[in-house]
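The values are calculated or read from the model by the stated rules, or taken from the named source; none is laboratory data. Small disclaimer: the values here were computed from a predicted structure and weren't measured. Counting neighbours? That spans all protein chains shown, and the Cβs are built from the backbone with ideal geometry, glycine included. The protein model used for the area step is the full one, side chains on, heavy atoms only, and it has no ligands, DNA or RNA in it. Shrake-Rupley method; radii C 1.70, N 1.55, O 1.52, S 1.80 Å.
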Amino acid sequence: MGKTPFSFRRSVSRRRPKKTTAPPQPRSPPQPPYAAGITASPDDYANNRLVAAAGSSALTKAKKKTGGARLWMRFDRSGRSELVEWEKNEIIRHAGIPARDLRILGPVFSHSSNILAREKAMVVNLEFIKAIVTAEAVLLLDPLRQEVLPFVEQLRQQLPGKSQPKLLGAVEEHEGEMQGSNGGQWLPTPETAEGLQSELPFEFQVLEIALEAVCTYLDSNVADLERGAYPVLDELARNVSTKNLEHVRSLKSNLTRLLARVQKVRDEIEHLLDDNEDMAQLYLTRKWLLNQQFEEAQLGATTSNNLPNSARAIRRLGSNRSESLVTSHYEDDNDVEDLEMLLDAYFMQLDGTRNKILSVREYIDDTEDYVNIQLDNHRNELIQLQLTLTIASFVIAIDTLIAGIFGMNIPCKLYDIDGIFWPFVWSTSAACVLLFFLILAYARWKKLLGS
């Protein structure tokens, strides 16, 4: 495009001082439309719009990808905790659970209760507690919720005080302890091995704290419900009104929801108690130690040659009793006595909570029966009053019929008798009153009216 005096480019740059001679300049690279003295073509604007749209779509996709991350709190065996924000893939990689198990911890199943056993983890979904427990750590979802904070505090207080199993390397030896290592397998000291039978594994400690928190929460809800239920029901028994009936209706709906929540947790524990295989799958520490022993046994031939003679002597003295205790406690896959006792204790506690709710519901049913009896009694009284008024209306109608007959001015000999009006009126009225009492007595005789 030539630079003629009538060109648009020339008119735009007219403010600049005019040069006499303009030697040919090399073509400069294209500049953005907002550069001074440069006008952009429609194609440039279209390309810029496409680039901006592509950038915004990429930013939206990035936001969608990061939107799936959720807040978790990780507790390990030693009691250390940290807040992390992980996506679904990271949770699956750290916990070793299938993706479908994460849906159980989602909002769709927020009101369900599940304790699922997997190969390397245990998925716990009890009321507000949504956690993934492994043999080494526990991942807690939404730890900053108001209901979850007491559970977090209990984990911080109780987990550090528990004794943890130790895995020693092939060359680690602790002087002064009756503890040996055979290819890295865990061999406790004799003084700690004696208390091994009474010590729960890490996953059961977490499960116990979770069940305790859930049972305490449900018990407090039931206690609050009881404190508010009995005064409302007593008030309804004294005064049947719309306001009191509305209070009882709200109370009964809350009671039904609370009973369903307690029943779900109770049924889940009962399901585990009825299946020994599912309980055996929950022993994550047992499976973890057996896997460690199996892995280290493959390296036992090479590592045993590197052990000093003193370590072998200590191992011969102290490992016999320790290995027997460890084997008896961890290698018996059918031994679920510890978990069974733990679940049975909380099953009985939940059963007691359920009985409290049922007693409140029975009290509500009794109050409703009492109110219905009162309403039936009032209804019967109204029916009796209606029957009495009907008999009186019938008698008065007969007297009115007689008066209407004589009001038609039909010729009759009674008109010629002097002073017969009042005796006739009184006699007919007395006859009607007598008829009323006769009909009333007949109704009482037939038990149509109360005494």
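Side notes on the structure shown:
- Of the set (1) open to solvent by 70 Å² or more (accessible area, probe 1.4 Å); (2) out of contact with any Phe, Trp or Tyr (no Cβ under 9 Å at 6 or more places or on another chain), all apply to L449 but (1).
- Taking the numbered list (1) surrounded by fewer than 12 Cβ atoms within 10 Å (Cβ to Cβ); (2) under 60 Å from the mean Cα position of the chain (by Cα); (3) part of a helix (DSSP H, G or I) in turn, L434 passes all entries but (2).
- Any hit, the stretch 410-420, residues being surrounded by 11 or more Cβ atoms within 10 Å (Cβ to Cβ) and of a type in the set (D, E, K, R): no
- All positions within the stretch 80-130 that are more than 19 Å from V265 (Cβ to Cβ), in contact (Cβ under 8 Å) with a residue 12 or more places away in the chain and polar (S, T, N, Q): S81
For (1) touching a Ser or Thr at 6+ places or on another chain (Cβ under 8 Å); (2) modelled with pLDDT of 90 or more; (3) over 13 Å from V262 (Cβ atoms); (4) not in a helix (DSSP H, G or I), each residue gets a yes or a no:
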| position | (1), (2), (3), (4) |
| --- | --- |
| N334 | no, no, yes, yes |
| L342 | no, yes, yes, no |
| F347 | no, yes, no, no |
| G352 | no, yes, no, no |
| L375 | no, yes, yes, no |
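- Within the stretch 334-381, the set of residues being of a type in the set (S, T, N, Q) and within 19 Å of R227 (Cβ to Cβ) comprises T353, N355, S359, T367.
- Positions within the stretch 85-105 being part of a loop (DSSP other than H, G, I, E, B) and under 25 Å from Y346 (Cβ atoms), in sequence order: I97, L105
- Set A223, A229: member being under 28 Å from the mean Cα position of the chain (by Cα), open to solvent by less than 10 Å² (accessible area, probe 1.4 Å) and of a type in the set (G, A, S): A229
- Extreme residue, surrounded by the most Cβ atoms within 10 Å (Cβ to Cβ), among residues of the stretch 108-146 that are part of a loop (DSSP other than H, G, I, E, B) and more than 18 Å from the chain's Cα centre (by Cα): A135
- One residue stands out in the stretch 355-400 among those that are over 27 Å from N221 (Cα atoms) and of a type in the set (S, T, Y): the one that is least open to solvent (accessible area, probe 1.4 Å), namely T388.
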